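Working notes, structure below.
The values are calculated or read from the model by the stated rules, or taken from the named source; none is laboratory data. Because the structure is predicted, anything quoted here is derived from the model rather than measured. Cβ atoms come from the backbone with ideal geometry, glycine included; neighbour counts cover every protein chain shown.
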Amino acid sequence: MSEAAYVTVSALTKYIKRKFDVDPHLEDIWIKGELSNVKIHTRGHIYFTLKDEHARMQAVMFQRQSSRLAFKPEDGMKVIVRGGISVYEPSGSYQLYAKEMQPDGVGALYLAYEELKKKLAGEGLFDDRHKQAIPAFPATIGVVTSPTGAAVRDVITTLKRRYPLVKVIVLPALVQGENASRSIVKRIEEANAQKMCDVLIVGRGGGSIEELWAFNEEIVARAIFASAIPIISAVGHETDFTISDFVADIRAATPTGAAEIAVPHTTDLMERTKTAEVRLTRAMQQHISKKKERVQSLQSSYAFRFPKRLYTQKEQQFDLLYQQFQSQLTGLTDRKQRQLERNTYRLTALHPETQLKQAKKRYEERSNQLARSMNVQLKQLHSQFQTVLGKLNALSPLQVMERGYSLAYKDKELIKSVDQVEQNDTLEVKMTDGVLTCEVLQKRGERK
């Protein structure tokens with residue numbers, strides 16, 4: 001027999017497996033049956049048999065999916081399982097790779113839940129770009145829930161404990177039953193129309209899927225999506241997820257958790273305030289320290305330490321400028337005088353009367369120009385002189401003394417503080433027109 005006439009077991013198994021994997025009907029399917037031989041692995045995987053009165057199949061649910069189950073699978077339990085069918089190559093047997101599992105009896109509700117979830121997700125109602133931020137410090141919080149349930153008591157207690165300043169408005173609504181969804185929608189729309197609050201908490205305590213079903217209704221989902229007020233969904237317990245949870249701006253695992261999300265804790269606020277105060281104090285201290293260093297630097301500068309020397313230097317600069325002014329003025333006069341002499345010589349050399357008149361006219365024009373030029377330069381130099389003189393006078397300690405101030409010395413040392421003298425000390429007080437010798441009778445310090 002030729003090799004082309006047969007295939008190996010593994011090759012055939014692979015071929016059959018590919019057939020299973022590409023079949024769209026087997027890729028994602030819901031199967032109803034009874035659990036048996038349930039074994040939960042230490043790593044979280046669940047191995048079981050799914051059977052009815054006529055057949056059975058092997059199945060596995062890996063830890064990633066099994067961790068989401070809201071119940072513990074047990075032998076004899078009627079369930080509806082969603083998953084894909086494939087071939088397990090080592091044994092050549094087909095088995096179900098389970099993705100979801102729900103107790104039988106509510107299967108139609110779960111199918112409706114999945115269909116609505118898929119529809120709304122496709123429309124973008126779950127997208128993060130539509131989520132509104134929860135205000136950091138809400139003044140008023142509305143609670144849409146049953147007014148008699150434990151959930152509303154938990155929410156109010158938690159809100160008041162964490163943030164006593166907040167105002168709580170309970171918007172009573174039915175949270176289960178035939179009219180529950182319309183009641184919830186009415187309260188959400190009412191809160192928005194009247195702008196009752198800054199945040200809405202919409203929810204109830206835990207329960208069965210039938211009891212929570214109002215929060216899986218499409219009209220509730222669309223009312224939450226349309227709300228201009230940020231909404232926190234708080235339906236059921238940790239493992240309960242409803243359509244409202246996906247549409248809301250944020251989902252809380254429990255009503256108490258929603259209250260904790262909605263408001264800050266006063267202790268946290270006090271800590272943040274204290275931290276801000278410490279930072280501000282540190283910044284102010286650093287700023288003051290820099291300014292003190294600047295003042296100390298100025299006090300130790302040359303102008304503060306040796307004002308007389310600075311005055312002498314400025315006086316020398318003034319003398320130098322004055323000498324330069326005199327030199328420039330003398331040079332200018334000499335140049336103009338020589339120019340005048342040359343012009344006179346030329347006029348003398350040109351004797352004809354016409355040339356004499358023209359030369360005389362040019363002479364007069366140039367003389368006037370010379371006079372104007374000299375006046376302009378004299379004014380400029382005089383202005384510079386006055387400016388320098390004004391600066392020198394402003395820097396002169398004598399000028400300060402002219403205004404009634406005086407300088408006190410003890411043993412030829414300038415007195416800057418009352419701490420430098422004692423009672424009965426003899427001081428010399430220098431004034432603008434002389435020196436006084438004084439005796440200290442009493443000293444008084446003044447507070448700054």
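Evaluate region 309-328: report whether one residue or more is at pLDDT below 75, of a type in the set (Lys, Arg) and within 60 Å of the chain's Cα centre (by Cα). Yes: one or more hits. Which of the residues belonging to region 215-237 are over 14 Å from Leu125 (Cα atoms) and assigned to a strand (DSSP E or B)? Result: Ile232, Ser233, Ala234, Val235.
The residues on offer are Glu89, Glu74, Glu123, Glu115, and the sole one that is exposed (fewer than 15 other Cβ atoms within 10 Å of the Cβ) and touching a helix residue (DSSP H, G or I) at 6+ places or on another chain (Cβ under 7 Å) is Glu89. Candidates Arg251, Arg204: the one that is touching a strand residue (DSSP E or B) at 6+ places or on another chain (Cβ under 9 Å), crowded, with 21+ Cβ neighbours inside 10 Å and not hydrophobic (A, V, I, L, M, F, W, C) is Arg204. A Cβ distance below 9 Å, combined with a sequence gap of six or more or placement on separate chains, defines the contacts here; from region 426-448, residues that are modelled with pLDDT under 80 and surrounded by fewer than 11 Cβ atoms within 10 Å (Cβ to Cβ) reach residues that are in a loop (DSSP other than H, G, I, E, B) and of a type outside the set (D, E, K, R) in the pairs Gly445/Ser417. Among the residues of region 128-143, are any surrounded by fewer than 19 Cβ atoms within 10 Å (Cβ to Cβ), more than 35 Å from the chain's Cα centre (by Cα) and at negative phi? No, that holds for no residue. Figure legend. Inter-residue proximity from region 179-190: first residues in contact (Cβ under 8 Å) with a residue 40 or more places away in the chain, second residues part of a loop (DSSP other than H, G, I, E, B) and surrounded by fewer than 21 Cβ atoms within 10 Å (Cβ to Cβ), beta-carbon distance below 7 Å, spacing 6+ or different chains. Indicated pairs: Ile188/Ser227. Once region 384-424 is narrowed to residues that are part of a loop (DSSP other than H, G, I, E, B) and modelled with pLDDT under 85, the residue that is surrounded by the most Cβ atoms within 10 Å (Cβ to Cβ) is Ser396. Condition (residue is touching a Cys at 6+ places or on another chain (Cβ under 6 Å), touching a residue at least 12 places away in the same chain (Cβ under 8 Å), of a type in the set (A, V, I, L, M, F, W, C) and buried (at least 21 other Cβ atoms within 10 Å of the Cβ)) applied to region 216-238: is it met by at least one residue? For region 216-238, residues touching a Cys at 6+ places or on another chain (Cβ under 6 Å), touching a residue at least 12 places away in the same chain (Cβ under 8 Å), of a type in the set (A, V, I, L, M, F, W, C) and buried (at least 21 other Cβ atoms within 10 Å of the Cβ): absent. The criterion of at least 2 residues that are out of contact with any Ser or Thr (no Cβ under 9 Å at 6 or more places or on another chain) and modelled with pLDDT of 90 or more is met, among strands (runs of 3 or more DSSP E) falling completely within region 18-82, by 29-40, 56-61.
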